[in-house]
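Chemist: Below is a structure I'd like to ask you about.
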Amino acid sequence: MSALRPPFPLLLLLTSLATPLTAQQTRVVPPGYDVLEGNSLYSYPFRIDGAIQVIYGSDQFGTSGTALLRSMSYRANAPFAAFTGFSKRMKVTLYGTLTAPAVMTKDPTANIGGATGTVAFDTTLNLPTVPAVTRAPGPFQLAIPFTSIYTLDTQKHHLLTHVEPGDATTLPTSSWNLDAVNHYATQAFARRAVVGEGCTNASGYGLSISVSSASYAGGTLGVSLRRTSTTPIGSFPTAFHGIDFAVQRTGYPFDLAPAGMPGCLLQIDPQLVFAEPESTSGTYNDLSIAIPNDPKLLGLPYLTQALGATATGPGSVLTDCYQIVNSPGSGVPPASQGIFYVARTATWSASGVGAYYPVTRFDGVFP
């Protein structure tokens, strides 16, 4: 008697299950900015007429083989108030270039070199209306799907993207800035950005907060509080600095309206709290904490926010919330770099401090 054989469709199913499947993945450039807000913004090409060219270093995708790219996405620059979307024809051309990000120039043709471009998108792009957010960063709202999979040999080439208008129409009035990073290449810098708004009380009194540019490995975390210009001395006899080492917490931001602080959203659940009494002249001592120059701490994200407390509790206020990422205490060659074209002046420009480009998410399969 012959053995029973499964029908052909079942054989195909069993064969497919035995074959490793490669799932679609995502890569956010710079790494780690899937949950971190950039420290700058890009006005081109969606708020101000122009174009952008960015070289993403091959190591951002993995250097051991081939990356298959299906789409790229941007996000709006932490809008704490909503703004309206619009539609615009755009063109995206992709290149595998030999030009490294660190030697990118303001000459877009030289950056491309002899690479052959692939037009990955050339149609109407719908920029969505972006709702107000209470905690940055927002999602990657602006997806640009490629017409076909783009193959990048990460062992040979970096990825160059050239994004430009697809027609001659001008942009509508908009605040559609892209979230971006601006990193020093020749000196240490603090990676810091506001990710949540503070509040004032019913009298309009409040406190402002700032984080020192020396808040990096081997430097000093410096946090300063100041009364806003209309806030009288004695409004907040004590201020409390909080530091939270968890970037994303369930249940936050936390609404403090029931505590007599309407419109105040607590962004942190601090592990460290420092009390600072107000001086008779209306000032607060700066918070100053030495940051160890320990490689194991590089990339560590944390949040800081302060509470200005009234004598009775109600009417207290919160400052903005800063997000800080522990960064190297020396300059780092840019892993990616960008330039931008200003249509009004017909010139290409670049940041004078180092790496400057939009935070970008790529979808595809990576080595």
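Chemist: Would you list the strands (runs of 3 or more DSSP E) that sit entirely within region 110-188 and hold 3 or more residues that are within 21 Å of the chain's Cα centre (by Cα) and touching a residue at least 60 places away in the same chain (Cβ under 8 Å)? Explain how you work it out, then say what you get.
Modeler: On the way: elements: 118-127, 142-153, 158-165, 178-184.
Counting at least 3 such residues, we get 142-153, 158-165, 178-184.
Chemist: Of the residues GLY166, GLY196, GLY138, GLY117, only one is in contact with a His (Cβ under 8 Å, 6 or more places away or on another chain), among the small types (Gly, Ala, Ser) and farther than 20 Å from SER349 by Cα; which?
Modeler: The unique qualifying residue is GLY117.
Chemist: May I ask you to list the residues in region 255-272 that are within 11 Å of GLN305 (Cβ to Cβ) and not charged (D, E, K, R)? Before the answer, list the steps.
Modeler: Narrowing region 255-272 to residues within 11 Å of GLN305 (Cβ to Cβ): 264-270.
If the condition is that a residue be within 11 Å of GLN305 (Cβ to Cβ) and not charged (D, E, K, R), then CYS264, LEU265, LEU266, GLN267, ILE268, PRO270 are the ones that fit.
Chemist: From the list LEU178, LEU171, LEU207, pick out the single residue that is of a type outside the set (Phe, Trp, Tyr) and farther than 30 Å from THR93 by Cα. Give the steps one after another, and end with the answer.
Modeler: Working: LEU178 fails: farther than 30 Å from THR93 by Cα; LEU171 fails: farther than 30 Å from THR93 by Cα.
Sole residue among the options that is of a type outside the set (Phe, Trp, Tyr) and farther than 30 Å from THR93 by Cα: LEU207.
Okay, residues lined up against (1) farther than 30 Å from HIS157 by Cβ; (2) buried (at least 18 other Cβ atoms within 10 Å of the Cβ); (3) out of contact with any Asp or Glu (no Cβ under 6 Å at 6 or more places or on another chain); (4) among the polar types (S, T, N, Q):
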position	(1), (2), (3), (4)
ASP269	yes, no, no, no
THR283	yes, no, yes, yes
LEU298	no, no, yes, no
LEU303	yes, yes, no, no
LEU307	yes, yes, yes, no
ALA335	no, yes, yes, no
ALA350	no, no, yes, no
TYR356	no, yes, yes, no
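Chemist: Could we say that THR360 is closer than 22 Å to SER212 by Cβ and among the polar types (S, T, N, Q) here?
Modeler: Working: closer than 22 Å to SER212 by Cβ: no; among the polar types (S, T, N, Q): yes.
Judged against the criteria, THR360 is not a match.
Chemist: Further question: Would it be correct to say that SER64 is outside any loop (DSSP other than H, G, I, E, B) and either over 24 Å from GLN141 (Cβ atoms) or touching a residue at least 12 places away in the same chain (Cβ under 8 Å) (or both)?
Modeler: Considered against the rule, which asks whether it is outside any loop (DSSP other than H, G, I, E, B) and either over 24 Å from GLN141 (Cβ atoms) or touching a residue at least 12 places away in the same chain (Cβ under 8 Å) (or both), SER64 comes out as no.
Chemist: Please determine whether any residue of region 71-84 is touching a strand residue (DSSP E or B) at 6+ places or on another chain (Cβ under 7 Å) and surrounded by fewer than 16 Cβ atoms within 10 Å (Cβ to Cβ).
Modeler: yes
Chemist: Which ones in region 131-148 are surrounded by 13 or more Cβ atoms within 10 Å (Cβ to Cβ) and of a type in the set (A, V, I, L, M)?
Modeler: Answer for region 131-148, where residues must be surrounded by 13 or more Cβ atoms within 10 Å (Cβ to Cβ) and of a type in the set (A, V, I, L, M): VAL133, ALA136, LEU142, ALA143, ILE144.
Chemist: Please go through region 289-324 and pick out each residue that is over 17 Å from ALA188 (Cα atoms) and either free of Cβ contacts under 8 Å to residues at least 24 places away in the same chain or not in a strand (DSSP E or B) (or both).
Modeler: LYS296, THR310, ALA311, THR312, GLY313, PRO314, GLY315, SER316, THR319, ASP320
Chemist: Find the strands (runs of 3 or more DSSP E) located wholly in region 196-284 whose residues include 3 or more that are out of contact with any Pro (no Cβ under 9 Å at 6 or more places or on another chain) and in the same structural domain as ALA132 (by TED's automatic domain parsing), and list them.
Modeler: Fully inside region 196-284 and qualifying: nothing.
Chemist: Right, something else. Considering only region 101-110, I want to know if a residue exists there that is under 20 Å from PRO165 (Cβ atoms), assigned by TED's automatic domain parsing to the domain that holds PRO30 and either among the hydrophobic types (A, V, I, L, M, F, W, C) or in contact with a Pro (Cβ under 6 Å, 6 or more places away or on another chain) (or both).
Modeler: No, region 101-110 contains no residue that is under 20 Å from PRO165 (Cβ atoms), assigned by TED's automatic domain parsing to the domain that holds PRO30 and either among the hydrophobic types (A, V, I, L, M, F, W, C) or in contact with a Pro (Cβ under 6 Å, 6 or more places away or on another chain) (or both).
The values are calculated or read from the model by the stated rules, or taken from the named source; none is laboratory data. Note that the structure is predicted; figures quoted are calculated from it, not measured. For neighbour counting, all protein chains shown are included, and Cβ atoms are generated from backbone atoms with ideal geometry for every residue, glycine included.
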